[in-house]
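A.B. asks: Starting off with a structure, shown below.
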Amino acid sequence: MENSLITGVRISSRMKEVKTSKIYELISKVIDLNARGIVVHALTAGEPDFDTPEHIIAAAKEAMRAGVTHYTPVRGSLEVREAVLNKFSRENGLNFEDCNIMVATGSKQIIANAFAVTLEPGQEVLLPTPYWAAYTGMIYAAGGVPAYAITSRKNGYKLTPELLRNSITPKTRWLVLNTPSNPCGIIYSTQELVQLGKVLEEFPNVYILSDEIYEKINYSDDHHASIAKTCPALTNRIIIANGVSKAYAMTGWRLGYGAGPSDIINAMADYQSQTTLGPSSISQAAAAAALNGPTDSLERMVDSYRSRRDLVAEIISTTNKIHMHSPQGAFYALLDVSDSLNNSMIFRNSQRKDEDFAAWLLDTHRVAVVPGSPFGAPGTVRVSFATDRETIEKGLCKLIKAVEQI
Ligand SMILES: Cc1ncc(COP(=O)(O)O)c(C=O)c1O
């Protein structure tokens, strides 16, 4: 029966490395377990656990009633483009023109568009580790190759000017900077970006993809710094990817936006016009309301994430088996369990210890965490604190017991 659905068609070679992430396999397993009535403490969510604020839903409803249900310009409706331009000017001090911006189906599509229109086969995209796992698939799909600048927990998982200089090769086309970052919540300060920018000035062929999707989820005392603002000498080779998913609890609306040099944005829009066209007209109306509207619900959500981040830190501080670099932004903590995994009898023969550990933790302790290997951080697991306090407490306590037991 199964075989009757297999065609034997040859999938293109550039898709060899493009696979549905192991993370989604894990999340699907959690959903199946829940459906069978089995309680799992899931610390896997890559999205806010809040609902989209009411005024944004109202704007979407209003748009639908007003007939905003048709195709829009590829780069977005005038309303959302103006909202994006105003956002950049008001919040980031960046004065783009209309030709410098576009919207897409999530910031993910902005990033994929950028790689698709600029990478020649074999060109490299430099990813400081740990990085968002999805970048590698997008790079391969565009014909490029990921390259890695390996950071360490001891150095706060940060790319330093020296590491950057040593990691750039003649093949490097892009550097990806993600601040605040998934999976470890680091934030680059203005000063750090200025230092990195000085190195980048020496390499005029390297473009910078600045992924700022977690901009608003910032627990530090400093305002979000964008390299486009801190390093004006680089603005003609920076693409900013941002969106409404994380800030406004709008992951399902699929609306992201990008800004950068008009020739790259034009090529990205050409590409998008032949693949998906503009994103949902209704989501664009909702995004305009989000970007133009009040920020009180956003502030409440960030306060809540901050107190949960503190809860995670407090619980992890009760064991010396797990090390954590305290996240300054986003809603993830990367837990280093490498010592325990390396000394473990259960995982002594395992090649991918963190992946096997995460599978074992789910099967035997009913706690779901995301293994660090797909993020370029073997020996770690990522926990999300975009969930309720009880799940965090129970999940982490079980996790600690499990790590102490292996
Ligand atoms: C670092 C990072 N960038 C981009 C995205 C994509 O977000 P969206 O496509 O919903 O805007 C995510 C989603 O998890 C992410 O973690």
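A.B. asks: Mind checking which aspartates and glutamates have their Cα closer than 15 Å to the Cα of LYS321? Skip sequence neighbours fewer than 8 apart in that chain.
C.D. replies: Cross-link targets: ASP336, ASP339, ASP354, GLU404.
A.B. asks: How compact and how long is segment 351-406, expressed as Rg and Dmax of its alpha-carbon atoms in Å?
C.D. replies: 11.0, 34
A.B. asks: Just to confirm my numbers, what's the Cα centroid distance between segment 311-340 and segment 72-149 in Å?
C.D. replies: Between the Cα centre of segment 311-340 and that of segment 72-149, the gap is 30 Å.
A.B. asks: Where both partners of a DSSP beta bridge lie in segment 67-292, what percent of those bridges are antiparallel, to the nearest 5?
C.D. replies: 30
A.B. asks: What is the distance in Å between the Cα centroid of segment 260-306 and that of segment 4-18?
C.D. replies: 33
A.B. asks: 7 Å from Cα along Cα→Cβ at both THR169 and ILE6: what's the point-to-point distance in nm?
C.D. replies: Result for the modelled spin labels: 3.6 nm.
A.B. asks: Applying 1/(1 + (r/R0)^6) with R0 = 56 Å to the Cβ-Cβ distance of CYS99 and TRP360, what FRET efficiency is obtained, to the nearest 0.05?
C.D. replies: FRET efficiency, CYS99 to TRP360: 0.60.
A.B. asks: Sort segment 11-148 into rounded, prolate or oblate with this rule: let a ≥ b ≥ c be the square roots of the eigenvalues of the Cα gyration tensor; rounded if a/c is under 1.5, and if a/c is not under 1.5, prolate when a/b is larger than b/c, oblate otherwise.
C.D. replies: In terms of gyration-tensor shape, oblate.
A.B. asks: Here's another thing I want to ask about it. Going 7 Å from the Cα of LYS321 in the Cα-to-Cβ direction, what parts of segment 41-55 have a backbone nitrogen less than 13 Å from that spot?
C.D. replies: So the set is empty, nothing qualifies.
A.B. asks: Assuming R0 = 22 Å, what is the FRET efficiency of ILE150 and LYS19, from their Cβ-Cβ distance, to the nearest 0.05?
C.D. replies: The calculated FRET efficiency here is 0.45.
A.B. asks: Report relative contact order for the chain in percent, whole number only (criteria: Cα-Cα under 8 Å, sequence separation at least 6).
C.D. replies: It rounds to 23 percent for the chain.
A.B. asks: May I pose another question? Note down the nm distance, to one decimal, between modelled labels 7 Å out along Cα→Cβ at MET345 and at LYS398.
C.D. replies: 2.4
A.B. asks: Using the beta-carbon distance between ASP51 and SER189 and R0 = 45 Å, what value does 1/(1 + (r/R0)^6) give for FRET efficiency, to the nearest 0.05?
C.D. replies: With R0 = 45 Å, the Cβ-Cβ based efficiency is 0.85.
A.B. asks: Using the scaling law 2.2 N^0.38 Å as the reference, what is the normalised Cα Rg of segment 67-292?
C.D. replies: In units of the globular-protein estimate, segment 67-292 measures up at 0.96.
A.B. asks: What list of ³J(HN,Hα) couplings, whole Hz, do you get for segment 109-115 from phi and the Karplus terms 6.51, -1.76, 1.60, once you set θ to phi - 60° and write x for glycine and proline?
C.D. replies: 6, 4, 5, 4, 4, 4, 5
A.B. asks: What do you get for GluC sites (Glu not before Pro) in segment 177-249 restricted to DSSP loop and a cutoff of at most 11 other Cβ within 10 Å of the site's Cβ?
C.D. replies: Within segment 177-249, the qualifying GluC sites (Glu not before Pro) (loop, at most 11 other Cβ atoms within 10 Å) are GLU202.
A.B. asks: If you don't mind, another one. How much of the DSSP beta bridge set in the chain is antiparallel, as a percent to the nearest 5?
C.D. replies: Once the DSSP bridges in the chain are tallied, antiparallel ones form about 50 percent.
A.B. asks: So how do ILE187, ILE6 line up by other beta-carbon neighbours within 10 Å, fewest first?
C.D. replies: ILE6, ILE187
A.B. asks: Given a cut-off of 28 Å, name the pairs among LYS87/LYS171; LYS19/LYS229; LYS16/LYS171; LYS29/LYS246; LYS22/LYS394; LYS108/LYS216 whose C-alpha atoms lie farther apart than that in the structure shown.
C.D. replies: Violating the 28 Å Cα-Cα cut-off are LYS87/LYS171; LYS19/LYS229.
A.B. asks: Something else: Roughly what would the spin-label model give for ALA313 and ASN205, points 7 Å off Cα along C-beta, in nm?
C.D. replies: Taking the simple label geometry, ALA313 and ASN205 are separated by 4.3 nm.
A.B. asks: Need one word for segment 109-151: rounded, prolate or oblate. Basis is the Cα gyration tensor (sqrt eigenvalues a ≥ b ≥ c); a/c below 1.5 gives rounded, then a/b vs b/c decides.
C.D. replies: Here segment 109-151 falls in the oblate category.
A.B. asks: Starting from the Cα of ALA267, step 7 Å toward the Cβ, then list every residue of segment 190-207 with an amide N under 20 Å from that point.
C.D. replies: Only 201, 203-207 pass the distance filter.
A.B. asks: Cα gyration tensor of the chain, axes a ≥ b ≥ c as square roots of the eigenvalues: rounded (a/c below 1.5), prolate (a/b > b/c) or oblate?
C.D. replies: Rounded, because the longest to shortest axis ratio a/c is under 1.5.
A.B. asks: Among the GluC sites (Glu not before Pro) in segment 83-188, which ones are in a DSSP loop with at most 16 other Cβ atoms within 10 Å of the Cβ? Mind listing them?
C.D. replies: GLU97
Computed from the coordinates by the stated procedures, all read-outs in this text should not be read as laboratory data. Bear in mind that the values here come from a model prediction, so they are computed numbers and not experimental data. Note that each Cβ is placed from the backbone with ideal geometry, even for glycine, and that neighbours are counted across all protein chains shown.
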